[in-house]
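Colleague: Sharing a structure with you now.
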Amino acid sequence: MQNESDKVLIDRIQAGDAAAFEAMVIQYRPKLIASLVKYTKSVELSEDIAQQTFIKVWQKIDTFRGDSALFTWIYRIGINLAKNTFNSKSVRNDGITDNLENIESLIAVNESPEAFTISMSLKAELDNFLRELPIDLKTAFLLREDEGKSYEQIATIMDCPVGTVRSRIFRARELILEKFDEIN
C-alpha cells in the first residue's frame, strides 16, 4: 500500500533518524492540518492536534505495519486525537471556520451580495447541523464530502467495514436534510 519513498522514510525513522522524521513532518503536516481544519473548524486547534499527532507517530512508528499508505496512518491518528479532544474536553466549535480559504471559496467571481449572504447563511446552518451529528457520522460525512475520500479509504481510516461507512454517510445526509427541511 505504501510507496517506495515512504518505505525508505519509515525505515530511516524506525532506525532513529531524526532528519527523516523531520522530512516526513515537512511533507505531511500541511496536508494533515488542512484535513483537520475541515473536522475541527479551527486552524489553531488543528495545529495543536497535528503536533500531538506527530509526537504519537514518533512514539509509535515501530507499530506501523505498512497495510495502508503512511499518510492514511498519520491521518487516522490525527482524527482519533481530534475525536478524543472533542469528547474529553467538550471542546465547542463556535461555527464558521477561521480558515479564510474556505470562506473565499464560497465567493464566486460574479456572485451578488445577496447570493453571498445566502451562501454564508447556509454554511452557518450546515456547521450547526454538523456540530449536532454523532462523531462517527460527522467523521464519515466530512471525509467523503470535504476530503473526497473513497468509501474504502474512509473504512481504513475509521477502522470499520465499508458497509458501515456507507450507512453512516447515508444517515448523516438524511439527518442534515431533515434539519434543512425543519428550517424551511
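Throughout, read-outs are computed from the coordinates displayed, never taken from laboratory work. Note that the structure is a prediction, hence the values are computed from the model and not measured. Please note: Cβ atoms are built from the backbone with ideal geometry, for glycine as well, and neighbour counts cover all protein chains shown.
Colleague: For E178, put the label point 7 Å out on the Cα→Cβ axis and report which residues of region 118-157 keep their amide N under 15 Å from it.
Modeller: Residues passing the 15 Å test: 129-135, 137-138.
Colleague: Explain nothing, just the number: dipole magnitude of region 1-94 about its Cα centre with +1 on each Lys and Arg Cβ and -1 on each Asp and Glu Cβ, in debye rounded to the nearest 20.
Modeller: 400 debye
Colleague: Next up: Sort Y151, Y39 so the one with the fewest other Cβ atoms within 10 Å of its own Cβ comes first.
Modeller: Y151, Y39
Colleague: Quick one: length gained pulling D48 to R166 fully straight, 0.36 nm per residue minus the C-alpha distance?
Modeller: Working: separation 118, 0.36 × 118 = 42.48 nm, distance 3.03 nm.
Full extension of this stretch gives 39.5 nm more.
Colleague: Using a Förster distance of 25 Å, how high is the FRET efficiency between I26 and S150, based on the Cβ-Cβ distance and rounded to 0.05?
Modeller: With a Förster radius of 25 Å, E is 0.40.
Colleague: If packing is taken as the average count of other Cβ atoms within 10 Å, what order do 42-49, 22-29 fall into, highest mean first?
Modeller: The peptides rank, most packed first, as 42-49, 22-29.
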